[in-house]
Amino acid sequence: NADSRLIYPERFDGQIRRVKLVGEAFFEVAHDQAHPFYVDTYNMEIKVTGTQFNVASYPEYHQITTTLFEGSVLIGDSALGEKAMLPMTQGDVAVYEKGTGKVQITHDAATMQARDCRSHVFTASNEKLMTVVRRIERQFGVSISVRNKAILDYTYTIACDTKDIHAIIDIMETI
């Protein structure tokens, strides 16, 4: 997705395939039990053997959101090791708190569909206005100025089936 970086070796050697993500990406990983695939982002690690999932992990986000579309993965704090990782199944959304290392996994098919960075759906689920504004700025390559600073702590829950920034802003103004 916009403003994202994926760091990987020229060639995967050995039994482990490992990449590092800064930002947001959708992964479709071929099943290979003998060569697990790992995504590292900050202190969170995802172990994959074959699946489709999305990870949103921008530097300014306090949370990392992983949405599992197909298959299964293990997720957790990389410092705790694989034994402490939690399993995710199809339809799960995991939220990892960067400061505490806590992971909360919920099953939410509607959120799962909306969180796919490849979709043309813009969603915010109980997110502060400042976070929503940053996401809109990144996605559309614009700069937004909020005149009334008192509303920056207001939270929004929206889903817009559009790529039109004006439609999103209109909906937010209505809310």
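Points to keep in mind about this one:
- Largest to smallest accessible area among TYR42, TYR96, TYR8, TYR61 [probe 1.4 Å]: TYR8, TYR42, TYR61, TYR96
- Computed helical MRE - 222 nm, the chain, DSSP H runs ≥ 4 contributing -39500 (n - 2.57), nearest 500: -4500 deg cm²/dmol
- Across the accessible surface of the chain, with the other protein chains kept in place and a 1.4 Å probe, carbon and sulfur atoms take up 49 percent.
- √(5λ) per eigenvalue of the Cα gyration tensor, the stretch 1-151, largest first, Å: 28, 16, 15
- Legend: residues SER125, SER145, sorted from most to least accessible area (1.4 Å probe; ligands, DNA and RNA excluded), read SER145, SER125.
- Taking GLN15, GLN52, GLN63 in turn, the Gaussian network model of the chain (Cα-Cα springs below 10 Å) assigns the largest fluctuation to GLN15.
- Solvent-accessible area of PHE12, all protein chains in place: 80 Å² (probe radius 1.4 Å, heavy atoms, ligands and nucleic acids excluded).
- DSSP finds beta bridges in the chain, and of those with both partners inside it, around 90 percent are antiparallel.
- Note on MET172: accessible area approximately 20 square angstrom, rounded to 10, probe 1.4 Å, nucleic acids and ligands left out.
- 0 to 90° range, to nearest 10: angle between helix 129-140 axis and the chain longest Cα axis: 80
- Residues TYR154, TYR58 ordered from highest to lowest accessible area at a 1.4 Å probe: TYR154, TYR58.
- The figure for ARG17 is an accessible area of roughly 40 square angstrom, using a 1.4 Å probe on the protein chains alone.
The values are calculated or read from the model by the stated rules, or taken from the named source; none is laboratory data. In this text the structure is predicted, and so the values were computed from the model without any measurement. Accessible surface areas use protein heavy atoms only, side chains included; no ligands, DNA or RNA. Shrake-Rupley method; radii C 1.70, N 1.55, O 1.52, S 1.80 Å.
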